[in-house]
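Notes for the one structure printed next.
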Amino acid sequence: MFRKLQLIAYYLFRYPLLKTKLGHLGARARLLQTKLEGAQYIHIGAKVYINSRGWLACMPLTGDVNCRLSIGEGTYVGRFCHFYATSRIEIGKKVLIADKVYLSDNLHGYKDINMPVIDQAVEQLGPVVIHDGAWLGENVCVVGASVGKNSVVGANSVVTRDIPDYCVAAGAPAIIIKRFDLDKKEWRRTDKDGHFI
């Protein structure tokens, strides 16, 4: 009964408020205790569920006035996730994101050894694109890279290079350890370069 009352309160009070702040909020989307920065640049599709203690930020710190963070329909985002876009983070439809996942299309500059990192400019990296149907395990970091359609990234992995469609990747830095063989219609192990063994 209590959960039903919480849900009613969310759709009566919090949902209409979020709709006025966000760039877009789809029908039946739920954001639980989520911190928002640059809400006007954040677009959330229908039936998206963002669990508690998350932080979504989309700020044009590198000069991209068209920066955008978008989350596609039916995506689930776990607890304590942190997504920070300065240009583009795009999460597709029906993506499964576990707890404590970090996505960023930027990093702090650190080239000047005479200046503290905190005082150096933010550097823009490539866009982060998580394609439809992908699964990111717990504690995954994706920085300036993409993850392909229906691909899986194992827990505690750090993705800094693009992962193609239908792959399993793991490690820090993440490497492809399995791919789906479209000819044989089965998952197969791969070498460190992603070629079938």
Open item on the list: Can you report the number of residues in the range 84-112 which are part of a loop (DSSP other than H, G, I, E, B) and either surrounded by 13 or more Cβ atoms within 10 Å (Cβ to Cβ) or touching a helix residue (DSSP H, G or I) at 6+ places or on another chain (Cβ under 9 Å) (or both)?
Closed with: 14
TODO: Select from the range 14-54 the residues that are part of a helix (DSSP H, G or I), modelled with pLDDT of 95 or more and over 17 Å from the mean Cα position of the chain (by Cα) and list them in ascending order.
DONE: 15, 16, 17, 18, 19, 20, 21, 40
TODO: Scan the range 172-182 and give yes if some residue there is among the charged types (D, E, K, R), under 19 Å from residue 126 (Cβ atoms) and surrounded by 16 or more Cβ atoms within 10 Å (Cβ to Cβ), otherwise no.
DONE: no
Open item on the list: Residues that are surrounded by fewer than 18 Cβ atoms within 10 Å (Cβ to Cβ), of a type outside the set (Gly, Ala, Ser), touching a helix residue (DSSP H, G or I) at 6+ places or on another chain (Cβ under 9 Å) and farther than 15 Å from residue 72 by Cα: does the range 113-133 have at least one?
Closed with: no
TODO: Name the single residue, out of those in the range 144-168 being of a type in the set (Gly, Ala, Ser) and within 15 Å of residue 97 (Cα to Cα), that is surrounded by the fewest Cβ atoms within 10 Å (Cβ to Cβ).
DONE: 155
TODO: Run down 109, 137, 78 and say which single residue is small (Gly, Ala, Ser), under 29 Å from residue 191 (Cα atoms) and more than 10 Å from the chain's Cα centre (by Cα).
DONE: 137
Open item on the list: I'm told residue 75 meets every condition in (1) under 23 Å from residue 155 (Cβ atoms); (2) at pLDDT 95 or above; (3) surrounded by fewer than 18 Cβ atoms within 10 Å (Cβ to Cβ) except one. Can you identify the failing condition by its number?
Closed with: (3)
Task: Options 129, 142; residue that is closer than 23 Å to residue 86 by Cβ, in contact with a Phe, Trp or Tyr (Cβ under 8 Å, 6 or more places away or on another chain) and not in a loop (DSSP other than H, G, I, E, B) - done: 142
Task: Scope the range 140-180; condition under 16 Å from the mean Cα position of the chain (by Cα) and on the phi > 0 side of the Ramachandran plot; matching residues - done: 144, 150, 156
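The values are calculated or read from the model by the stated rules, or taken from the named source; none is laboratory data. This one's a predicted model, so the numbers in the text were calculated from it and none came from an experiment. As a convention, Cβ positions derive from the backbone with ideal geometry for all residues, glycine included, and neighbour counts pool all protein chains shown.
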